[in-house]
1. Would you kindly calculate the translational diffusion coefficient of region 55-163, applying Stokes-Einstein with the Kirkwood radius from alpha carbon pairs, for 37 °C and a viscosity of 0.692 mPa s, and quote it in µm² s⁻¹ without decimals?
2. Under 1.5 on a/c is rounded, so check that first for region 108-177, then, if it is not, pick prolate when a/b is larger than b/c and oblate when it is not; a ≥ b ≥ c are the square roots of the alpha carbon gyration tensor eigenvalues.
3. Give the cross-link partners of residue 162 among the lysines, using a straight C-alpha distance below 21 Å as the criterion and excluding same-chain residues fewer than 8 apart.
4. Would you work out the relative contact order for the chain, in percent, from Cα pairs under 8 angstrom that are 6 or more residues apart?
5. Restricting things to alpha carbons, find the Rg to Rh ratio for region 1-103 using the Kirkwood radius for Rh.
6. What residues have an amide H closer than 5 Å to that of residue 197, excluding those fewer than 5 places away on the same chain, when H is modeled at 1.01 Å from N in the peptide plane?
7. So, by mean Cβ neighbours within 10 angstrom, what's the order for 130-142, 59-71 with the highest one leading?
8. Going by the alpha-carbon gyration tensor, a ≥ b ≥ c the square roots of its eigenvalues, is region 153-237 rounded (a/c under 1.5) or, if a/c is not under 1.5, prolate (a/b greater than b/c) versus oblate?
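The numbers here are math on the coordinates, done by the rules we state, and not lab data. Here the structure is a predicted model, which is why all the values come from computation and not from measurement. Note that each Cβ is placed from the backbone with ideal geometry, even for glycine, and that neighbours are counted across all protein chains shown.
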Amino acid sequence: MRTPLIAANWKMNPAPAGALGTSSPYRTHAAVDVIVFPSFLDLKECLAAKLIAGPQFASPEEPGAHTGDVSMTMIKTLGCRYVLCGHSERRADHGETDADVAAQVIAALERGMHPVVCVGESQEQRKAGKEKSVVKKQLAGLPLESDITIAYEPVWAIGTGKTATPADAQEMHAYIRSLLPENRRNGTRILYGGSMKPENAEELLKQPDIDGGLVGGASLKPDDFGKIVEIAAAMQK
Ligand code: PEP
């Protein structure tokens, strides 16, 4: 049994209104693990409000001469347990390579943190039938034998309103699971990300290998996010 995990990626946006309040839908739930990934500016307040919060990126370098960065060690000291690694917007905007992402994941694990690692193909790669080989390559350098979470996020579905069909998403999730070492095959959570919203969450979350969602746009709308969490909670697998 894998407890569903719904994670909010607020990207470069302030925390939504009411997010830190007592009845916030971003609080973790009896039947669903809920995590928020706010901007660095909001991280401390989220933790103080007892949300389970982590950064959208942290540098694997030790604290020192790296202008503009925040290190994994600093994040750990702040009290974060989770960290997002390798989001496609980081790969595109900051040129993060698979090797960079692997370094982040390893640094997180070394500090006792839990990385949520994003993989996924572009539209062109899917059109060319290369989605599985792309994802396999993205996973190849990762310590898959460790306790990590994987988020399958087809790049063409992020922020576009286009969603992978539940069948296509399930096929990729099952493929990713087949690549995991035996000791982690059943225990590793694999999230789907890409325009998840209340209208499509049930069909996606009921797929056997989809263990939750990484939610961008809809996570900025507290009511929609709360509905997704409730849909995940109601899921009988
Ligand atoms: C994301 O940012 O990880 C994401 C999946 O965004 P959206 O839900 O807006 O597609």
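1. On the way: Rh = 14.4 Å.
My calculation gives 227 µm²/s for D.
2. Numbers: a/c = 2.14, a/b = 1.80, b/c = 1.19.
It is prolate, given that a/c is not under 1.5 and a/b is the larger ratio.
3. Cross-link targets: 11, 127, 130, 132, 197, 206, 221, 227.
4. Numbers: 479 pairs, mean separation 51.0, N = 237.
Relative CO of the chain lands at 22 percent.
5. Working: Rg = 14.2 Å, Rh = 14.5 Å.
Ratio of gyration radius to Kirkwood radius: 0.98.
6. none
7. On the way: 130-142: 16.6, 59-71: 12.5.
Taking the mean over residues of other Cβ atoms within 10 Å, the ranking is 130-142, 59-71.
8. Note, shape of region 153-237 comes out prolate.
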